[in-house]
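Participant: Sharing a structure, written as structure tokens. Questions coming.
Bear in mind that the values in this text are calculations on the coordinates, not laboratory data. What you are looking at is a predicted structure, and each value in this text was computed from that prediction instead of being measured. A quick note on method: Cβ atoms are made from the backbone with ideal geometry, for glycine too, and the neighbour counts reach across all protein chains shown.
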Amino acid sequence: MRPIRLPAWLIIFVLTAAVAGQTGKANSLVKRLLELPAPPPATVSETDSKTVRPPEFYDPKNVPPDDAPLADLLDYWSRQNSSFDEFRYNHQPNRESLQRILAAIEENHALLTSYLKLLPDDSETVEMVRRIYTEDREALSYVGFSPVRDWLLNHSDVFIDELIESVRSIKAENGRINNQKALISLARVDWSRAKPFIDVFENDPERSESYALAKYVLYHHALKTGSESDAERYRNELEKLVEDKKGSYKSRDLAMDALVLGSDFPGRDDWYLSLLEDETLLELQENGYTGLTTLVRFMPNQREKWLDSMLRLLDAGKPAPRSVAVRNLYQINAFGQKEILVKMLPWLTDPNWARESSQRERKGLIGSFGEIDVPESVPGLISIVLNEDDRDREEAVTSLVRYRRPETVPIFRRLLFDNRNVELRDTLIEALVATDGFSVGEEIDALEGFADSMLAARKAENSDAEPDESEKTPSIEYSLGHFLANNPKLGDALVRATIARIGALEKSRPEIAALLLEFLQSWENPLADLEMLGRMNAGRVDDAQLIKMLTNRREIRERLANELPLWRGKSPVLRAFCTVISEDKAEAAAILREARPETAAALFAFARLVRMPLPVGEAAALMKNPDKLTALAAERYLESEDGVAARSRLLAEHRGEARMLGARIGFVPDEKADFKPLELMLNSLFMSVSSSYYASPDIKPLIDAENGIRREFTDNKDLTAVYGFLKNEPAGHSVLRVYTDRIVFTFYEDEARYWTKTVSGKEYEALLGFIVAGGIDALGSSYSREEEEIEEFVMLGRDGGRRILFSPGRREPKLAELANFFEAFRNDRLDLHYRLSEKIDGLRVLLADKSLLAQTVWKNGGDLRVLIADQTEREKIDKELEEQENSERAVLNRPDRENLYELQRRRRALAAYRHLSWRGFANGKLGPERVEQPAAIDYLADFRHGVIIGLTSYAFTPETLWRRLGDSEIRTEPFYGGRLVKIGPGGQTVVKPGIYRKPLVTPDGKWIVAAEADEEGFYLPNKVVRIELATGREIPVDIAPADEFYPVAYLSAQNRVLLYRGRDQNRLIISPNRDFDRPTAKNPSPATPEYYLLDPATGAARLVRGEFRPLEDQTFRALQPAGRPNLYWAAIYDEKLAATTLGYYDPVAFAFTPVMKIPTIALDSMDVWVDEKGAEVYFVYGGQLLALPLRPDGQK
């Protein structure tokens, strides 16, 4: 057959179309890459703190020299401090190193707890620790007071009385003794005060554990004072205690500890070895340690000596010495030596060859055969797998994998398919995969089956289907698929088969193919990497796969070291990708010089995501490239590069635009884009680049604040520069504006008011000097996912500027110093401004005192009274309470310790209102003396203070309305409900056990209406009940439960109780069950809130509609009666309008009639009091008392 010849024009057309198609796919890929968030640079503190130490750095043998860098010294000894173990030998720094550590602690008191266990108890060190503890509470607040206090308690006389109290409580019973450390510490701190207790214990007629403790202390005191004769006498007595086979464990153990922790003595080691055939010591152990292991644990420098002794004991014919040898060898980590493992081979086939302690030495031995090659162990390991229970069998299976013996495969398969071995399934699967015990066909089928299960689970999660709550044991196929999908180390045969299966399923079952591709990309195999490169070349990779490839760039580079150069020539995109992951700077520079649009754009797109350095000059030149995508890519790269040169070039292209640069969580081109589905993968990429976190929190308030500042440069030609700390909230910003003729600092306290100050030229120069000298412009973002708060520091001029985003807990030290300038401005004398005054005439600020905060207001004729919270008094009260509580908690053995928390909670309740008082206000001034509480308000009541359980916050507003029952109140216990209690002048009595909330008492005193939950608490929908006070009879209201279902108010005109029933919008945060997101049989909460009128006597209820917000406002008083019949004053805030509407409320018709709007301020009915005759509206806002003219046409 003649070959078909295509015309030249057709060949050219086909080739051109192919190239155009490839270019189109490449451009699409590059565009997607440019839209992805790019990681920020690592901050200086992160770079300093991320020093990665090799494990051997912390080896006790590698003690840093005295002149080592301080960071090395501190890091090494901090690790030794954290691994300090009182049951074994601990390395200590020498004198020179210790002095450097102490000097570092003096420089930074917060370091103290990192070295406490290494500190000596000499007088100078004790004084330093005492001084830090008493004088720098702030430094210790970040690391904890308790460790420092405990150290002072046991190493000084600072808390000597408490130490003595602890010694008084020492008791020996049931073979144990408590508080032994207290007597040892007291003897070290003050021998004269310890001696009487020691005498009592030494003369114990029963010679109990306290007798051994006395000998311990006496022996160590004799050693300390150099009394050799006493030391020898006590040593002999302690040896007898250890040798006494009838003695208690604690006595013998204390005696052994005393001898080991003291100095060496002649014949000690021979005496110790003579004990090793004492089988009674094998029976005595605590935490796995006994007298038989104490000496070895505390003498690691004699390891070789003890090793020889223990090896001889292994050859002994008796189990007792052999068991001792095994335990000691385990303690000195000798199971890592082959000759020792060979000696212990008999223990594999004979579990009784030695007796293990609670430390499971035999299990450790079995595991050691999986770490060290001992082929002779295989028969014994197989014997364990076949004949023993699961206690050690799992370890034996794991160890057998090392030897890959064919005879183990049928054993493993038989066990796997035996339903009695479900607990071993995962271990057996791992072993069979490692020993090629499954065929490739079995494995690929299992992977596909697992993908099916994953897909079904994902679809169920996003559907209304009821979740399968059964706890069935997964099938073997599922378990195998799960293991393979999550195991990065798999063989080439399975990888090839998976690639083939993906190709076969991409058209028929694309979702399953995508999951298999997800598994493939997680495998550390060059064949998987090559498959992904091929897909990238064909433009068949999605964003998640691109991010994953970049995250694994180092591993791919290592696995494909020989292949990457060959793949560079396949396409512009692959050339750029291979250049970036190879970190080939020469090739990158060549690409930029060539300036081919597709390759250069791809290079910028990949480089910005891994922060690969590129020549800034060449990159800046390409911002003017006629190819728009290349120009955009160059600009996006320079923005993420974030260096001074890059920022200068970029801002020069955008003069006069007040463009803001700098990372937020990262460099995100479109802040409105949703990257939630990619959040975990982006986080992994960010961590691989700069050890930073990626997340997508809501930062709209920050963006709005920034955009507002940028608009100011357009609106005000006199504005030249802005510096400010911005909160991720509508307010809280501190902003300094530089105008041509003045400098103004503004603190935006909230959305309604702000404070200003004119800043002097000298103050501004100091601030600007610090910004320049402190290198603020070079700082990067420092975001922490653990913190909810996010802030920014911004510096902006007409030609652009920079932001620095940070979480307060990770703020750079220099930024913290800079914040002090703004804090000083805030604490200076400021002028108060209300936005309200810009919209309504006649606003008067009657009281604005930061120490005396207005809580609510009441007026009758000329009698104007204000409830005041005295902040100075509050701070004094809180300080007194804290000091008292700290002192109480420090006493270790107080008889009421179990009830201490309750005692302190009640005390705080008693003090909760002490700083509150009613004051008169006249002639523009607050009266100095307390006045009576208005009769219509029930905010303060003396009897309530000492008995309201859980009242621990002075910001608490008492909900007293409809709680009264004669001279008492009906309340519930705290924490989202509790039993109903009646509290009054006589104390507290239980009305009804159960879990209740929001009780309401009818005025006739006959009924309580309350929300009630079942034993699950208020996490699930609750009901409302009526309780007859005379009988205690409880009757549920015949309305279905709901997330939020409770009584709101008693309506006297109708003799009814208003009920609210609705859905809790936050319930999904508490319980992720999707059924709670909509009305179902499990949760019938209505999507739209409902209100009912309930007859408390009959239980009859009917649905009502209208305006109910004023009724929900009522807490410590009823709504204020208006000057019209059956109407009341109410205030309703509208978030959308950002305004409060004041008007008349009709509680019968549930209707609200607006009278006037109060813009920008959020108020409710409890904040406002209307003087109709005087035509004034008094209200409290943010601790201040204000007044407005009452007039419907009050707006400008």
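Participant: Which listed residue (A631, N525, M1166) has the Cα farthest towards the positive end of the charge dipole for the chain, taking +1 on Lys and Arg C-beta and -1 on Asp and Glu C-beta about the Cα centre?
Facilitator: My answer, from the dipole projection, is A631.
Participant: Report the full-extension gain for the segment E929 to R53: residue separation times 0.36 nm, less the Cα-Cα distance, to one decimal in nm.
Facilitator: This chain segment gains 308.8 nm when fully extended.
Participant: Less than 14 Å Cβ to Cβ from D436, Lys/Arg counted +1 and Asp/Glu -1: what total charge do the surrounding residues give?
Facilitator: Result for the neighbourhood of D436: -1.
Participant: Give me the net charge for the shell around P1147: Cβ to Cβ below 11 angstrom, other residues only, Lys and Arg +1, Asp and Glu -1.
Facilitator: Within the 11 Å Cβ shell, the charges total -1.
Participant: In addition: Which ³J(HN,Hα) values, rounded to whole Hz and listed in residue order, are derived for region 617-626 from phi using the Karplus coefficients 6.51, -1.76 and 1.60 in 6.51 cos²θ - 1.76 cosθ + 1.60 with θ = phi - 60°, glycine and proline given as x?
Facilitator: Once θ is set to phi - 60°, the couplings for region 617-626 become x, 5, 5, 5, 4, 6, 5, 9, 4, x Hz.
Participant: Using alpha carbons only, how many angstrom separate the centre of region 783-854 from the centre of region 422-443?
Facilitator: Result: 61 Å between the Cα centres.
Participant: Any idea what the relative contact order of the chain is, in percent, if you count C-alpha pairs under 8 Å spaced at least 6 apart?
Facilitator: Taking the mean separation of contacting Cα pairs over the length of the chain, I get 6 percent.
Participant: Rounded to the nearest 20 debye, what is the charge dipole size of the chain about its Cα centre when +1 sits on each Lys and Arg Cβ and -1 on each Asp and Glu Cβ?
Facilitator: Charge dipole of the chain: 2840 debye, to the nearest 20.
Participant: For the chain, with the dipole built from +1 on Lys and Arg beta-carbon atoms and -1 on Asp and Glu ones, taken about the Cα centre, which of L116, L447, L163 lies farthest toward the positive end?
Facilitator: Going by the charge dipole, the pick is L447.
Participant: So if R0 is 51 Å, what FRET efficiency would E1112 and W271 give, r being the distance between their Cβ atoms, rounded to the nearest 0.05?
Facilitator: According to the calculation, E is roughly 0.05.
Participant: Add -39500 (n - 2.57) for each DSSP H run of 4 or more in the chain, then divide by its residues: what number comes out at 222 nm, to the nearest 500 deg cm²/dmol?
Facilitator: -13000 deg cm²/dmol
Participant: Another one. Taking a label point 7 Å from the Cα of R798 along the Cα→Cβ vector, which residues of region 735-759 have an amide N closer than 16 Å to it?
Facilitator: 738-742
Participant: Also, I was wondering about something else. Give the long-range amide H neighbours of Y1046: residues separated by 5 or more places, or on another chain, with amide H under 5 Å away, using H modelled in the peptide plane at 1.01 Å from N.
Facilitator: Those qualifying (amide H under 5 Å, at least 5 residues apart or on another chain) are Y1060.
Participant: With charges only on Cβ, +1 for K and R and -1 for D and E, what is the dipole size of region 700-829 about its Cα centre, in debye, rounded to 20?
Facilitator: 300 debye
Participant: With r as the distance between the Cβ atoms of E583 and D315 and R0 = 56 Å, compute the FRET efficiency 1/(1 + (r/R0)^6) and round to 0.05.
Facilitator: FRET efficiency, D315 to E583: 0.45.
Participant: Apply the membrane-span-like helix rule to the chain: whole DSSP H runs, Cα extent along the own long axis of at least 27 Å, mean Kyte-Doolittle hydropathy at least -0.5. List the helices found.
Facilitator: Passing helices, by number: 8-35, 440-461.
Participant: Also: How big is the charge dipole of region 320-476 about its Cα centre, in debye rounded to the nearest 20, if each Lys and Arg gets +1 on its Cβ and each Asp and Glu gets -1 on its Cβ?
Facilitator: Here the size comes out at about 1060 debye.
Participant: Further question: Under 5 Å between amide H atoms, partner at least 5 residues away or on a different chain: which partners does R753 have, H built in plane at 1.01 Å?
Facilitator: R835
Participant: A further question on this structure: Using a 7 Å offset from the Cα along the Cα-to-Cβ direction at both D244 and T349, what is the distance between the two label points in nm, to one decimal?
Facilitator: The two pseudo-label positions are separated by 4.5 nm.
Participant: Mind giving me the nanometre distance, one decimal, between the label points for E1028 and D436, set 7 Å out from Cα along Cα→Cβ?
Facilitator: Once both label points are built, they end up 8.3 nm from each other.
Participant: Run the quick spin-label model on D718 and L900: label points 7 Å from Cα toward the beta carbon, then report their separation in nm to one decimal.
Facilitator: With each label point 7 Å from Cα toward Cβ, the separation is 6.2 nm.
Participant: Using the charge dipole of the chain (Lys, Arg: +1 at Cβ; Asp, Glu: -1 at Cβ; taken about the Cα centre), state which of P147, N178, F483 has its Cα farthest towards the positive end.
Facilitator: Going by the charge dipole, the pick is F483.
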